[in-house]
Amino acid sequence: MASKGMNKINRIRTFALSLVFIGILVMYIGIFFDSSPLIMTISMIIGFVFVISSSGIYFWIGMISTNTVKVECPGCGKVTKVLGRVDACMYCDEPLTLDPELEGKELDSSYNRGSSRHKS
Ligand SMILES: [Zn+2]
């Protein structure tokens, strides 16, 4: 696998896509067992289940996508979706977080910029 795919939604999408290919492959293999209708039927059913569960996962991605937060990645400047408290950028795998407590030290200066104006 390439470096892309650390993002949760991307990972689920990759999983769903590979599930489709596995399902098609299983059904394709089943064709070669035309002498045994039982094996052919079983492989067809298994392959069909894979494809169906894949589309189910795609549906699930659509559901959880409503829970994602769109943020601009500080690494590449593109708008990416963050699922949960910590996720990676869809484009450059930059680790992103919605929790300021988990924020890296190098980002502290930019966070303090807005609040450091008042007197202490
Ligand atoms: Zn990025």
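The values are calculated or read from the model by the stated rules, or taken from the named source; none is laboratory data. Here the structure is a predicted model, which means the values were calculated and not measured. Cβ sites come from the backbone with ideal geometry, for glycine too, and all protein chains shown count toward neighbours. What goes into the accessible areas is simple: the full protein's heavy atoms, side chains included, and nothing from ligands, DNA or RNA. Shrake-Rupley method; radii C 1.70, N 1.55, O 1.52, S 1.80 Å.
Here are the numbers:
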| read-out | value |
| --- | --- |
| Residues within the range 57-68 that are farther than 25 Å from Val26 by Cβ and surrounded by 13 or more Cβ atoms within 10 Å (Cβ to Cβ), tallied | 2 |
| Verdict on Thr97 being open to solvent by 80 Å² or more (accessible area, probe 1.4 Å) and at pLDDT below 95 | no |
| Among residues of the range 76-89, those that are more than 7 Å from the ligand (Cβ to nearest atom) and either open to solvent by less than 80 Å² (accessible area, probe 1.4 Å) or assigned to a strand (DSSP E or B) (or both), counted | 9 |
| Filter result for Gly30 (out of contact with any strand residue (DSSP E or B) (no Cβ under 8 Å at 6 or more places or on another chain) and closer than 15 Å to Cys92 by Cβ) | no |
| The range 31-47 residues that are free of Cβ contacts under 8 Å to residues at least 40 places away in the same chain, paired with ones that are assigned to a loop (DSSP other than H, G, I, E, B) (beta carbon under 8 Å, 6 or more apart) | Ile39/Phe33; Met40/Phe33; Met40/Asp34; Ser43/Phe33 |
| Top-ranked residue in the range 1-56 [being among the hydroxyl-bearing types (Ser, Thr, Tyr), more than 17 Å from the chain's Cα centre (by Cα) and open to solvent by 80 Å² or more (accessible area, probe 1.4 Å); ranked as nearest to Asp87 (Cα to Cα)] | Tyr28 |
